[in-house]
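Please read the structure below before turning to the comments.
The values are calculated or read from the model by the stated rules, or taken from the named source; none is laboratory data. Everything numeric in this text was worked out from a predicted model, so none of it was measured. Neighbour counts are summed over all protein chains in view; Cβ atoms, including those assigned to glycine, are modelled from backbone coordinates with ideal geometry.
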Amino acid sequence: MEVADNLYDDVFPHRQTEHIQMMHSTGCLTIFLEPHMWFIAMFEIILSLFGMVFNCAIVVATYYSTPISVIQRRSMAMLSANYALISGLHLARNCFYIFAIHNPCITIVTTINCKLQEFPLVFLYLHGAIVPIVIAVQAFLKHKDNYQTITWTNACTINQTIVIVMCIVLSLLFTAFDDDKVEKHLLQCSIVLAIQQKEIAFCLITALIAGHTLALITMQIATSCSTNPIDLRHFLNHSLRDLLAIESIAWGILLLFTGVFAVYEFIALSICERCLSFALELTFIILPLCVCCLNPLLVIWIVLPVRNAATRLCPKLRSVLPEYDMPTPPLPSPEEVTCASSLAVEKEKQPTTK
């Protein structure tokens, strides 16, 4: 296999020439000295700040969104916290690039240290694909109205810890168990490019798409099984279905394009590494950050109990967000009242038998 890889590199040496062309006179990559990289870094910083701050605010509002059951509030808050952590991770990465951009040697990455750097991102992406499945499965359960307050002492449960451990194990499978035959330099760190065994990269992208798709299908089934249109449970399930539909479809489209670029990198004879790095940065980093920024806006607009909690915590939001009333049973018509009273009178007149 190694002989075949070396022969492939000898036949198509242009696959590695761009790294040499991008080298500084001191042997360092100069891609981060270019103006468009400054613009991308600043744009990602703005998106990351917005996503981190507002998703943290949604986490707090979700904890106070009564009468949703505690178990559902925890799961919804966990999803928003996941998006906040994704935003915070990209914020830290781009702040590092901004401060280290004057030294091209600092930004050099290899396939090995790139996988180490991207491990938290893989974990958060997998966690963000599994938590919607948990929310969709919980929609089948019969929850009662719960006004219990969630504090830091009961914000996390064993079930949430199990999900986190499972995501860590999956992240290790997609990163640590990749076979690095030869350590290669990358123009820019991307887990899709850093994974040497491309079938692992394809499995990662497929697992992420499958997670969001399964969550959407499960939530649709749970909504179809809810038959009482005036029940709070039916009302909440429809809200969560609309939320997961938008986010799952967005994630599916982004990951599908990421898979297309991964296939291009795998089968193309001549590769524009600069173009490929920018395309993966767009589909795997920038646009997912847009989804993270969209999440708090969707939650506060679609999930009405969370909107109510947000307006209680910050009354100034009432000037922007419309108020609502929880669904209540319709009042009976006069004919129904007359019929019910006549049936009650006839029942009283009937003789009792021993």
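Take the conditions (1) among the small types (Gly, Ala, Ser); (2) assigned to a helix (DSSP H, G or I); (3) surrounded by fewer than 13 Cβ atoms within 10 Å (Cβ to Cβ); (4) in contact (Cβ under 8 Å) with a residue 40 or more places away in the chain; Ser270 misses just one of them, which is (2).
Taking region 101-116 as the search range and keeping residues that are out of contact with any Lys or Arg (no Cβ under 8 Å at 6 or more places or on another chain) and among the polar types (S, T, N, Q), which one is modelled with the highest pLDDT?
By that ranking, first place goes to Asn113.
If you go through region 12-51 and keep only what is more than 12 Å from Asn94 (Cβ to Cβ) and modelled with pLDDT of 90 or more, you end up with Phe50, Gly51.
Per this entry, Ile253 is not counted among residues that are within 20 Å of Phe43 (Cα to Cα), of a type outside the set (Asp, Glu) and under 15 Å from the mean Cα position of the chain (by Cα). On inspection, Phe278 fails the criterion of being surrounded by fewer than 16 Cβ atoms within 10 Å (Cβ to Cβ) and either modelled with pLDDT under 90 or assigned to a loop (DSSP other than H, G, I, E, B) (or both). Scanning region 284-302 for residues that are touching a Leu at 6+ places or on another chain (Cβ under 7 Å), under 18 Å from Leu208 (Cα atoms) and surrounded by 20 or more Cβ atoms within 10 Å (Cβ to Cβ) turns up Pro288, Leu289. Look at region 309-328: where a residue is more than 17 Å from Ile58 (Cα to Cα) and a partner is part of a helix (DSSP H, G or I) and modelled with pLDDT of 70 or more, sitting 6+ places away or on another chain with Cβ atoms under 6 Å, you get Tyr324/Leu304; Pro327/Phe235.
Within 22 Å of Val134 (Cα to Cα), under 14 Å from the mean Cα position of the chain (by Cα) and surrounded by 17 or more Cβ atoms within 10 Å (Cβ to Cβ): does that describe Ala222? So Ala222 does not fit the description; no. If you check Leu236, Leu243 for being modelled with pLDDT under 95, of a type in the set (A, V, I, L, M) and under 13 Å from the mean Cα position of the chain (by Cα), only one passes: Leu243. Of all the criteria given as (1) β-branched (Val, Ile, Thr); (2) under 22 Å from Lys115 (Cβ atoms); (3) surrounded by fewer than 21 Cβ atoms within 10 Å (Cβ to Cβ); (4) under 19 Å from the mean Cα position of the chain (by Cα), the one not satisfied by Ile191 is (3). Using the structure shown, decide if Gly259 is more than 25 Å from Ala139 (Cβ to Cβ) and buried (at least 17 other Cβ atoms within 10 Å of the Cβ). When the stated conditions are applied, Gly259 passes them.
Selection within region 162-188: residues that are of a type in the set (A, V, I, L, M) and assigned to a loop (DSSP other than H, G, I, E, B). The member of this set that is nearest to Val60 (Cα to Cα) is Ala176. The condition (being touching a helix residue (DSSP H, G or I) at 6+ places or on another chain (Cβ under 9 Å), under 30 Å from Thr62 (Cβ atoms) and part of a loop (DSSP other than H, G, I, E, B)) is satisfied by just one residue among Asn154, Asn159: Asn154. The set of residues from region 133-167 being surrounded by 13 or more Cβ atoms within 10 Å (Cβ to Cβ), of a type in the set (A, V, I, L, M) and more than 17 Å from Thr66 (Cβ to Cβ) comprises Ile133, Val134, Ile135, Ala136, Val137, Ala139, Val163, Ile164, Met166. When region 189-222 is filtered for residues that are among the small types (Gly, Ala, Ser) and part of a helix (DSSP H, G or I), the ones remaining, listed by number, are Ala194, Ala201, Ala207, Ala210, Gly211, Ala215, Ala222.
Counting residues in region 83-97 that are over 25 Å from the mean Cα position of the chain (by Cα), at pLDDT below 85 and not hydroxyl-bearing (Ser, Thr, Tyr) gives zero.
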